[in-house]
Every structure is written in structure tokens, then in C-alpha cells.
1. Got a sec? Charge dipole of region 207-294, +1 on Cβ for Lys and Arg, -1 for Asp and Glu; which of F246, G261, G232 is way out at the positive end?
2. Enumerate the calculated ³J(HN,Hα) couplings along region 131-146 in order (Karplus 6.51 cos²θ - 1.76 cosθ + 1.60, θ = phi - 60°), each rounded to whole Hz, writing x wherever the residue is Gly or Pro.
3. What ranking of W282, W38, W212 emerges when the number of other C-beta atoms within 10 Å of each C-beta is taken as an exposure proxy, fewest first?
4. Total Lys pairs in region 121-252 closer than 19 Å by alpha-carbon, pairs eight or more apart in sequence or interchain only?
5. Taking the alpha-carbon set of region 137-293, what are its Rg and Dmax in Å?
6. Please work out how much length the chain gains when fully extended from E123 to S263, using 0.36 nm per residue of separation minus the C-alpha to C-alpha distance, in nm with one decimal.
7. Just how far, in whole angstrom, is region 54-123 from region 210-261 if you go by their alpha carbon centroids?
8. Quick one: which of 88-96, 144-152, 249-257 comes out on top by average Cβ neighbours within 10 Å, and what's the full order, highest first?
Amino acid sequence: MKSLLISAITLLPLAPAVALNNMPLVEEKSTRVSDHVWAIVGWPDIAIVTGSRATLVVDTGLGPRNGATVVRVVKKLSTAQKLFLTTTHFHAEHTAGEAGFPADTILIRPTVQQAEAEKGAAEMIARFSTFSEQNRELLAGVKLRAPDIVFDTETKLDLGGVTARLLWFGAGHTKGDELIFVEPDSALIPGDIVQDKIVPRVNAGEGSVKGWLAILDKIAPLNPRYIVPDHGALGDGSLIGKERAFIADLQSRALALKHQGVSVGDAGKQLTAEFKAKYPDWASMDLAASFVGRVYAEDDAPVR
Ligand SMILES: [Zn+2]
């Protein structure tokens, strides 16, 4: 049951309406991760970084009602007045709750993510609204507002006794993936880039398999002690190596099939079956839908 639920959740951006029931609402309940980092574990996972002067929230939940729940949790954790909000990527469950935050919240995100949101967020919100009656209510009238701050590759927020480094390393799950590294806690909030046994999803026109591996190589030296992913269970730094090994394995198998002249459709089916057997406890093993196609498209070698 659990894997079925995760499967529906991670496939959500492209799944047909009939396949989806109501997604769980954000719960008014947090888990302490480290000295300054807390997580609301659910759909999606939301991170809260509390400093003596300011708080940083990472991701909003789907729609203002969920965003308001996050704000109630923040008020229980900290009395700091200043509130920063950032988003790991532009998909609706990570951005579309911003109107539930106070009007003086300082919204900050990478330039590339903002451009991607301006291009694709309205269409995505409209699509999410069709998935269920609850989604329709949660997203009614939602339009993303302009951010207060954008940054190109990195910016630092001094929250008082704790610093959050907001990082953009290029395309992975989307073009605008942001990762947040919290010092001195050694906690990484990597968005969808590192998760615990959830098959990565790379949508055409948004993400990059090569880019995803490059991001993993850049965050590995941070050697984080704690990881708060976008979806699924909280974990430690060992998740980075596991994610990298899975993607590299899948990339090399897909390239081998491409160079044997196997069609992308057949390769997707074959590798889904092969990887289900090889990684039986990974959720959402539907490689045909996106990942294999991206590997084929990113390969420069001529098809036989
Ligand atoms: Zn996403």
C-alpha cells in the first residue's frame, strides 16, 4: 500500500486524473532533524530552518490552505519575525501554497526556476486541479506571485546562529532545481535530487540525466549528515551515493540498449522489468515514461 501511494505521488505531474485519489494534506506536525532544521514529513516533505533572527521555509504544500498549515507549524517552532520562503522546483506541490504565507514573507528562488515557473506553473496548476475535487478546491484562484529576490547560482541567508546556502547547479529533475545546505547543522535539503529509494523522474523539456549526475557530484563533497528530501523518508548522507549508483546504472543500461539499436519504447519496457527485479524496494518504477527517453535524447552517438 505504501509503495502504491508513493507511486501515485511521484508520478503525479504526468498521471491521468483517473489514477489519483486525494493527496494527503500537510499535517500540523513537525519532526526535529538537527539543531536548527525541522521537517513536516508528508506530501511533500517540507523543511523549516529556524534561526534566532529569521526562519526559512523550503516548499509550500499544494495550495494556500496547506501553506497556512506550514505557517502555523513555523509559529510553534520560532518567535523570529522575519520569514523567508524558497522552493526546490516549480512543480505545484512545492510552490502553489505561497499565498498561505504572510504578505511580508520574503520569497526567494533561482533565476532559472523563476523563468521556468513563469513559463509552466499556470499550466501545471490547471492540470493538478483536474486530478481531484480536493485539488480543485485547494488550487482555486491560485496564481504564483513574483519573488522578492532571485539568485543565479548561490546565495547565503544568515538566519541568526545558522546559515542556509541556497544553491543552483543546473538541470536535474527540472531546469530550476534548488538545493539548500544548512550550516552548521550539515543538513542538506536537496529537493527531488536525492530521495530514499524513489525512482527519479526526468520530464522531457525540464530535466537532464547528465545534469542530475553532475549535481550529485557537486553535493557529495558537502558530505551532509542529514538529508531532508522532497518526498519519502528522511535520511543521511549515504543517500547521495545510492541515488548516484542507481542513475548511473540506469543510464549505462539505457545507452547499451540504444547502441544495440533497441527502440526507446522497447528499452523503457525492458529496463522497467529489469530494474524492478534488481531494485525491488524502489518505488515508482516506470522508466518508460521519462528517464530512458531522456538518456536516449542526451546521447550524441549515432543510432545504428
Ligand atoms: Zn517535482
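Computed from the coordinates by the stated procedures, all read-outs in this text should not be read as laboratory data. Fair warning: this is a prediction, and the values are worked out from it, not measured in the lab. Backbone-built Cβ (ideal geometry, glycine too); neighbour counts: all protein chains shown.
1. G261
2. Residue by residue, region 131-146 yields 6, 6, 4, 4, 4, 4, 5, 4, 9, 4, x, 6, 10, 6, 8, 6 Hz.
3. W282, W38, W212
4. So the count works out to 7.
5. Final numbers for Rg and Dmax: 17.3, 57 Å.
6. Length gained, E123 through S263: 47.3 nm.
7. 26 Å
8. Listed from highest to lowest mean packing, they are 88-96, 249-257, 144-152.
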